[in-house]
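> Have a look at this one.
Bear in mind that the values in this text are calculations on the coordinates, not laboratory data. The structure presented is a predicted model; accordingly, all values stated were derived computationally and were not measured. Here the Cβ positions follow ideal geometry from the backbone for every residue, glycine too, while neighbour counts run over all protein chains shown.
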Amino acid sequence: MDFWMLFFVAFTSIMKLLLITVLGALLAHHRFNILRENATKHINAMVYFVFTPALIYSGISNTLTIKSMVMLWFMPLSILVTYITGTFAGWLMIKTIRVPPHLHGLVLGCCAAGNLASFPLIIVPTICEDKNNPFGDEAICHRNGLAYASLSMAVGYTYSWCFTFNVVRIYSPKIDAVKVDESSINPKSTTETGPKNLLKCPCGALVMNEDTEKLNGGTDPPKFECKVANGQEKVPEKLKFMKWLKLLAEKIKKMKTLIAPSTIAAILGLTIGIVPQFRKLLVGDKAIFNVVQDTLIMLGDASVPTMVLLLGANLVKGLKAIGQQVPLIVGIIVVKFVVLPVIGICIVKSAVHFNLIRHDPLYQFVLLLQYVVPPAMVVSTITQMFGVGECECSAIMLATYSCAAVLLPLWCTLFMWLVL
């Protein structure tokens, strides 16, 4: 295929995404007001908990086996390299243009985390479905491409939540910590001596302060003091153990935020695909529980168009703030669409030269595509959780996804030309 044919295939794939994105933006516009804020939150929850896990599970379990996992070992490492190089480039940008401290986490997250969810899942199968695709048979290309994109999505989601979540948390204002310190300075607060917390006295007897009652004429509520026989407060072992259990429960609750449903779906999909006994029960036309697999495939098919509609609805928020962060936006565009793709070409071509990855043009194309996608939408969700840089994040998303409409087809065309 010549250059213009490759460009046409890549551009039509991106145009399908853009048309749905525009539709989502129109539905969220105040004149139509169909995708309201409450509606987008509920739909986002459906995508997060139902559609996306179903898509990842069905894609991985249908196509990945022990043999294919051995062949695809380089992909998680390649995605990790994108995060490392993106973080380093973002750090250099922060030092160069002097980004405000409260936006450091947002910039590092946008430079490191790429949208490995919707873009590979749309671009790769769409290119394979084209009759003039350069990767061979349509059915084989679509099956393998969906497997590569699903694994890329699962690994990308895991890295996004584990890395980006903590980076934004570190650079966000520590408001909660200040409140805790202020409350610990005043040990004689009413919350500690009030009647509702009388049971917090770890040992000894609860004795009413009679002198205070006499001075007040018995009008004020009685005050209680926690008195210990030896003059020292001793915490029983049972209360220490209960306190330890409470801290452990809080840590487990925080870990649930890092373990996304898509990660659990990826683990289940890998288990079903790798273990032959499970695979025979669920995967294939002759499987006993094939109806379960087909149901999950139907749910997964709704993931991509729904995500793109929500993407268009979220981009509307960045229209007002885009003019206020021009240097920041330009810097992130340079990192995502110039620096990282060049680094990706060097890394993938070096891996092919040293026989670290197999000579599969479609696999190499997916690896290269991971270096040129715009920032992950997970970054927007995380900034909303911490309430830091929400307007700036919307502006960055609007600008980068608009640039992706032009730059991504060019890079895809170059990538296909390099791997063929």
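> Over 25 Å between Cα atoms, which of K16/K67; K16/K336; K16/K280; K67/K131 qualify?
The pairs that break the limit, which is 25 Å between Cα atoms, are K16/K67; K16/K280; K67/K131.
> Would you please give the residues with an amide H less than 5 Å from that of G114, counting only those at least 5 places away or on a separate chain, with H modeled from the backbone geometry?
Correct list: A376.
> May I pose another question? ³J(HN,Hα) across the stretch 404-420 via Karplus (A = 6.51, B = -1.76, C = 1.60, θ = phi - 60°), whole Hz, x for Gly/Pro?
Rounded to whole hertz, the list is 4, 4, 9, 7, 5, x, 5, 5, 4, 4, 5, 4, 5, 5, 6, 8, 8.
> Okay, moving on. Take peptides 43-56, 71-84, 104-117 and line them up by average Cβ neighbours within 10 Å, highest first, as a rough protection proxy.
104-117, 43-56, 71-84
> Give the peptides 142-148, 18-24, 86-92, 30-36 in descending order of average Cβ contacts within 10 Å, highest first.
142-148, 86-92, 18-24, 30-36
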